[in-house]
1. In Å, the Kirkwood hydrodynamic radius of segment 63-274 over pairs of distinct alpha carbons?
2. Can you put 210, 220 in order, fewest other beta carbons within 10 Å first?
3. Once you have the alpha carbon radius of gyration of the chain, what is it after dividing by 2.2 N^0.38 Å, with N set to its residue count?
4. Inverting the mean 1/r over all pairs of different Cα atoms, compute the Kirkwood radius of segment 54-93 and quote it in Å.
5. Let me check the size of segment 32-104 from its C-alpha atoms; what are the radius of gyration and Dmax in Å?
6. Take the alpha carbon atoms of segment 251-345, find their radius of gyration, then divide it by 2.2 N^0.38 Å using N residues; give the quotient.
7. Using only helices, what value at 222 nm comes out for the chain when you add -39,500 (n - 2.57) per DSSP H run of length 4 or more and divide by the total residues, to the nearest 500 deg cm²/dmol?
8. Among 100, 18, 329, which one moves the most in a GNM of the chain with springs linking Cα atoms closer than 10 Å?
Ligand SMILES: *Cc1c(COP(=O)(O)O)cnc(C)c1O
């Protein structure tokens, strides 16, 4: 559930009128509900209270420093995937023993700064990377913890771009190779290979793929144990799906009930990495209708937010509900909601039945809290949107709208070209 609701046909975020935010801060505008995101975090935490996992929020879903701060204050750790995210974690004062670091392509510089920072562990995705971390740790005269990311070869039943646990995906290490590595783990003198990691994909709405993957890994852990190879951590990743349209995803409780028995049996300390589950429904993108355009075949609602602000429809053909900030009764019509960008892929909705809107109206693109702003860009030299966080009656700007100066900040203009 979330705290974006109509009162007297006006959309509110908690106790704040969203229309007022749009007028005060301009559009396109991301608006987040503090209580929704905290509530989602706490739902997961309480569903799993029996095994008390470390919940490492996946920074890439929404990396705003205030959002990281809010979750860290609740006791969350962070799941990072780059040196930039390590920097953000540090800025937000996340205790390093609550940071885990995954990515198939960590650079030497990223690895050494994470070791220096003393993060909980790396999720290692290849033998080559394992050797490299060992080499770098040796140079720093450190022993660093790592978990091996297992590719369990399961079908996550989600969009192919966000499925990560099939053996044809670039992520993780197959079980046989992982076994060989673990047999020889004493050879990596500067590594403490103390855990396993899985993350099979994102927006997974049923527990079956999770259960299948965890069963495989739990069996593997048992086999290791039988051979005298003990571990400390099992990181089960993220991927919990949310409601965008008519999905009926498992609740935190159902998910917990299905997997807690399997997790308990491993006897390991459990880590989770939810992103979308926490932020997805806690944010919206507010846009303004610029023009209504009729063509012989279609009606287009042209709005001031586009694929540079929210790329999910263009990238995954993702569905986002779109609702007016001021609700009116009226006939429905079929429209395409599109942005101003010079690409036909720049749409927010296609062939969508919506109540009639007019120029100047504001619309809310729902469930845009995760993989919304964090995937936004300056394409078409558009300024990235502002972000506002609402808590009860208060609205705080947590990211200012970019300025034209921000666009060219790092550019070097060569002036002395001569005409030839
Ligand atoms: C992206 C990612 C997550 C979070 O995925 P969600 O679907 O947002 O929960 C967790 N772990 C890893 C390794 C990731 O890459």
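We did not get these values from a lab; they are worked out from the coordinates using the rules stated. These numbers come from a predicted model, not from an experiment. Cβ placement follows ideal geometry from the backbone for every residue including glycine, while neighbour counts extend to all protein chains displayed.
1. 17.6
2. On the way: 210 25, 220 19.
In order of increasing Cβ crowding within 10 Å: 220, 210.
3. With N residues counted in the chain, Rg over 2.2 N^0.38 Å equals 1.06.
4. The answer is 9.7 Å.
5. 11.9, 34
6. On the way: Rg = 20.3 Å, N = 95, 2.2 N^0.38 = 12.4 Å.
Working it through for segment 251-345, the quotient is 1.64.
7. One gets -8500 deg cm²/dmol as the mean residue ellipticity at 222 nm.
8. In this elastic network of the chain, the residue with the biggest mean-square fluctuation among 100, 18, 329 is 329.
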